[in-house]
Amino acid sequence: MKNPRVTLAAILAVSTLLAGCEQPAAPPPDTVVAKVGDDTISEFELDRAVTRLGPMSAADAAEARGKVLEALIDQHLVSLAARNAKLDKLPEVALAMQQAQRQVLVEAYMERLFKDLPQPSDAAIRDYYNRHPELFAQRKLYRVHELELQLAAGRVAEVEAQLKQSRSLAEFTDWLGTQGIAVKSGEAVRPAEKIPASMLAQLVRMKDGQAVVVPMDAGRVSVLQLLDSQAQPVSFEQARDAIAQLILGGKRKTLLEAEIHKLRGSGKIEYASGFAPAPAEPATQSGKP
């Protein structure tokens, strides 16, 4: 049976991905497998496109190779037609091409930056598992009724006080209406790992029927009522791979932030008038160690 992924749609999708940036100005020396006008398609380009289709048998790969080559030829023909029509000179097209090229360079830089990061140790993975029982050993599936409010920060305390005084969430919702506070209401069932950390920290301590106010970001507050929950623990072995990726992702984020900080310190950045960011406010002294 033929590999179902080796379809024209899949090949065209690969071609679309490859279309994200222009050919490099000086491509590496390689065997030319086809010419389209003055453009050339190298064996390297063809092999990369076939590889993007994923693992397949030798027979399927051979068949896909021919189809991918034809798709690349079509891509080059359309690209040439677009250039002849001077579409590459349109401001929005030129900008998209520049952005795609930058994104490819950013991804290549990050790949080099991260290549020597070691995999997390078993001890580190175990420690993460033990420190987050709400996500693993004590993981639950939560059914919640959520009210999302558009609210000024200065009214959060007032809303919290009213929620405590209300005999039901319906009564509280009616009060919001009298205050002209915009509300979006909905019910959802979510596992612990799909709930923002600030919400989950509240839910793990709540009883069925209890409601709580959770400030989210500027101008947005969530009112959560826990309807019920169901225990769905995850064992260490089940969670091992996911935790390893979480730890590695955290290390990559830290490394990338440090690298960007270094690049900003050594680079020359000039803002046009009116576009410079506001200066950071000085940290307040709490007196705590």
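Just the residues that are open to solvent by less than 80 Å² (accessible area, probe 1.4 Å) and at pLDDT 90 or above, please, taken from segment 184-196.
186, 188, 190, 191, 192, 195
Looking only at segment 164-183, count how many residues are more than 15 Å from residue 226 (Cα to Cα), among the aliphatic types (A, V, I, L, M) and open to solvent by 50 Å² or more (accessible area, probe 1.4 Å).
Final tally of qualifying residues: 2.
May I ask you to say which residue of 71, 124, 96 is out of contact with any helix residue (DSSP H, G or I) (no Cβ under 9 Å at 6 or more places or on another chain) and in a helix (DSSP H, G or I)?
Going through 71, 124, 96 in turn, the sole match is 96.
Of the numbered conditions (1) within 24 Å of residue 221 (Cα to Cα); (2) touching a Leu at 6+ places or on another chain (Cβ under 6 Å), residue 93 satisfies every one except a single condition; which is it?
(1)
Please list, ordered by residue number, the helices (runs of 4 or more DSSP H) wholly in segment 129-217 having 3 or more residues that are farther than 30 Å from residue 243 by Cα.
Here the list reads 156-165, 169-178.
Tell me whether segment 75-93 contains one or more residues that are exposed (fewer than 13 other Cβ atoms within 10 Å of the Cβ), within 29 Å of the chain's Cα centre (by Cα) and free of Cβ contacts under 8 Å to residues at least 12 places away in the same chain.
Yes - at least one qualifying residue is present in segment 75-93.
Report yes if some residue within segment 233-244 is of a type in the set (Ser, Thr, Tyr) and at pLDDT 90 or above; otherwise report no.
yes
Say we look at segment 261-289 and pick out the residues that are open to solvent by less than 80 Å² (accessible area, probe 1.4 Å) and closer than 29 Å to residue 113 by Cβ; which of these is modelled with the lowest pLDDT?
Per the stated criteria, the residue is 267.
Return yes or no: is residue 213 modelled with pLDDT of 95 or more and either touching a helix residue (DSSP H, G or I) at 6+ places or on another chain (Cβ under 6 Å) or open to solvent by less than 40 Å² (accessible area, probe 1.4 Å) (or both)?
Answer is no for this residue.
The values are calculated or read from the model by the stated rules, or taken from the named source; none is laboratory data. What you are looking at is a predicted structure, and each value in this text was computed from that prediction instead of being measured. Using ideal geometry, Cβ is built from the backbone for each residue, glycine included, and neighbour counts are taken over all protein chains shown. Side chains included, ligands, DNA and RNA excluded: accessible areas come from the protein's heavy atoms. Shrake-Rupley method; radii C 1.70, N 1.55, O 1.52, S 1.80 Å.
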